[in-house]
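Working notes, beginning with the structure itself.
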Amino acid sequence: MTGSEESIKKVLENLNIQALNSMQQAAIGAAQQNDVVLLSPTGSGKTLAFLIPVLQRLLASTSGVQALVLVPSRELALQIEQVFRQMSTGFKVLCSYGGHPTYIEKNSLVEPPALLIGTPGRIAYHLRHQNIDPSTIHTLVLDEFDKALELGFQEDMSFIINQLTGMQRRVLTSATRMSAIPEFTGINHPQELDFLSETTSAPDLLLKAVRSESTEKPETLFSLICKIGNKATLVFCNHREAVERISELLWNRGLEHDIFHGGMEQPDRERALLKFRNGSHRLLITTDLASRGLDIPEIEYIIHYQLPPSQEAFTHRNGRTARMHAKGTAYLILTDDEVPAYLPQELDYEELPEQDLLPPPTEWSTLYIGAGKKDKVNKIDIVGLLLQKGNLKKEELGLIEVQDHTSFVAVRREKIKQVVQLLRNEKIKGKRVKIDISK
């Protein structure tokens, strides 16, 4: 076994992955020789397909930023950072994105990471303020490049790439085909790997339709959610105004959920995804912002409250379910004047029950702790506090997420008020911090 094979084996063990898929194997092999354009569906494992080649090019003896990954959203940046940390490579990694103070990142960049992951706007800011030395960067990844173009990041990406004078290898990933790769990427004679025809990202998707009058769509949605019950469900709307409007109606009906769209403050978006991941909420009302590139769990149901204008967007939405050989169902709420050409000619229509039974709350609720990684707090500290001082059993603890200055813990719903009361005056790492039910 070669050193490269041994390092890949170790990474897979750290990630608890049995083997690479065919797309990942092809991408890793191609990136050793050429620039790569990787076309592959959402949920197919592109992150690992470019992180392993990045790792293979990092040198422990070299200082400065060696590899840069540009992404269109903060959530995707954090997801990639998390995967790299779980790989346990020994190399420093840093995430850079809007929504929090630039000085925090500037201080972290004093000792540069080997791998820098960030959004175009924030990376461009640091380059303009000379917080990053671009001359040491030899590897560039443009992840979800089609989405970055769609969101208007071309100018920032062009500026960034022009600063990278020491480029040796470029990798571009996309979940859609592009008629041409823009010249500013600097990609020359790339090896194109096209896995978009692969069906592994949605092998068992059941498409169902529900009829509705235009004026009755909110009521139809409510009835459909009641029918589905407490299963992980994404409801897609075309505009953030529709998300807000539907959310208000569902709260008025007593249906717990969360929302996610680009008009929200970044901490609110992050908290919504966190509660969805840990099971505090099983229903997320969202725009197409959640259709790809997010770290959210296996989704059982998709509901298209409003159908997207293109088949491409429709495919991306459906790609959130039935991933990696799992089963999933996508529901379409259709009015007579809302049947786009990309839908199949024959649709399986489903009847809704006459009486709506409100799903009960989930078994989990989220505990907020006002301390995190920057305060030297880790998961072991939190588990110890909750078991010893909070009188919880292990099975009453769920997903724990430790962020820079805050932590969130899934706790059995029936226990969380008691835990808050017991920990009101407790300290963690010798410091009294706020502990409460997360809003």
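Every residue, every condition in (1) closer than 19 Å to GLU401 by Cβ; (2) charged (D, E, K, R); (3) surrounded by 14 or more Cβ atoms within 10 Å (Cβ to Cβ), yes or no:
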position: GLU241; (1), (2), (3): no, yes, no
position: GLY254; (1), (2), (3): no, no, no
position: LEU273; (1), (2), (3): yes, no, yes
position: TYR305; (1), (2), (3): no, no, yes
position: GLN311; (1), (2), (3): no, no, no
position: HIS316; (1), (2), (3): no, no, yes
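Of everything in the range 344-358, what is at pLDDT 85 or above and either in a loop (DSSP other than H, G, I, E, B) or acidic (Asp, Glu) (or both)? Give them in sequence order. Explain how you work it out, then say what you get.
Filtering the range 344-358 for residues at pLDDT 85 or above gives 348-358.
Passing the criteria: ASP348, GLU350, GLU351, LEU352, PRO353, GLU354, GLN355, ASP356, LEU357, LEU358.
Within the range 155-175, is there a residue that is small (Gly, Ala, Ser), touching an Asp or Glu at 6+ places or on another chain (Cβ under 7 Å) and assigned by TED's automatic domain parsing to the domain that holds ASP336? Please lay out each step first, then the result.
Residues of the range 155-175 that are small (Gly, Ala, Ser), as a first pass: 158, 166, 174-175.
Subsequent filtering for residues that are touching an Asp or Glu at 6+ places or on another chain (Cβ under 7 Å) retains 174-175.
With assigned by TED's automatic domain parsing to the domain that holds ASP336 added as a condition, the list becomes none.
No: the range 155-175 contains no residue that is small (Gly, Ala, Ser), touching an Asp or Glu at 6+ places or on another chain (Cβ under 7 Å) and assigned by TED's automatic domain parsing to the domain that holds ASP336.
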Would you say ILE80 is in a helix (DSSP H, G or I) and buried (at least 22 other Cβ atoms within 10 Å of the Cβ)? yes
Of the criteria (1) surrounded by fewer than 19 Cβ atoms within 10 Å (Cβ to Cβ); (2) over 27 Å from THR42 (Cα atoms); (3) touching a residue at least 12 places away in the same chain (Cβ under 8 Å), which one LEU151 fails: (2)
What number of residues in the range 319-330 are among the polar types (S, T, N, Q) and at pLDDT below 85? 1
State the number of residues belonging to the range 127-137 that are surrounded by fewer than 21 Cβ atoms within 10 Å (Cβ to Cβ) and either touching a helix residue (DSSP H, G or I) at 6+ places or on another chain (Cβ under 7 Å) or β-branched (Val, Ile, Thr) (or both). 4
Quick one: is GLY90 assigned to a loop (DSSP other than H, G, I, E, B) and either under 30 Å from HIS261 (Cα atoms) or without any contact (Cβ under 8 Å) to a residue 12 or more places away in the chain (or both)? no
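Pick from GLU300, GLU265, GLU270: which is in the same structural domain as CYS237 (by TED's automatic domain parsing), farther than 20 Å from PRO72 by Cα and touching a Gly at 6+ places or on another chain (Cβ under 9 Å)?
Result of the check over GLU300, GLU265, GLU270: GLU300.
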If you go through the range 367-377 one residue at a time, do you hit one that is in contact with a Lys or Arg (Cβ under 6 Å, 6 or more places away or on another chain), surrounded by 14 or more Cβ atoms within 10 Å (Cβ to Cβ), of a type in the set (Ser, Thr, Tyr) and at pLDDT 95 or above? no
Determine whether the range 32-52 contains at least one residue that is modelled with pLDDT of 90 or more, assigned to a helix (DSSP H, G or I), touching a Ser or Thr at 6+ places or on another chain (Cβ under 7 Å) and surrounded by fewer than 20 Cβ atoms within 10 Å (Cβ to Cβ). no
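For the range 217-236, what are the residues that are polar (S, T, N, Q) and part of a strand (DSSP E or B)?
Passing the criteria: only THR233.
Which of the residues belonging to the range 114-155 are of a type in the set (Lys, Arg) and within 17 Å of the chain's Cα centre (by Cα)? Write out each step before concluding.
Taking the range 114-155 and keeping what is of a type in the set (Lys, Arg), we get 122, 128, 147.
Matches in the range 114-155: LYS147 only.
So which residues in the range 112-154 are over 28 Å from LEU289 (Cα atoms), in a helix (DSSP H, G or I) and not small (Gly, Ala, Ser), if there are any at all?
From the range 112-154, those over 28 Å from LEU289 (Cα atoms) are 112-114, 128-138; that's our starting set.
Add one more test, that the residue is in a helix (DSSP H, G or I), and what stays is 128, 134-136.
Result: ARG128, PRO134, THR136.
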Residue under question is LYS427, and the condition is that it be of a type outside the set (A, V, I, L, M), more than 24 Å from PHE276 (Cα to Cα), outside the structural domain of ARG74 (by TED's automatic domain parsing) and touching a helix residue (DSSP H, G or I) at 6+ places or on another chain (Cβ under 8 Å); does it hold? no
Extreme residue, modelled with the highest pLDDT, among residues of the range 168-193 that are of a type in the set (A, V, I, L, M) and in contact with a Lys or Arg (Cβ under 8 Å, 6 or more places away or on another chain): ILE187
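The values are calculated or read from the model by the stated rules, or taken from the named source; none is laboratory data. None of the values given here were measured: they were computed from a predicted structure. Cβ sites come from the backbone with ideal geometry, for glycine too, and all protein chains shown count toward neighbours.
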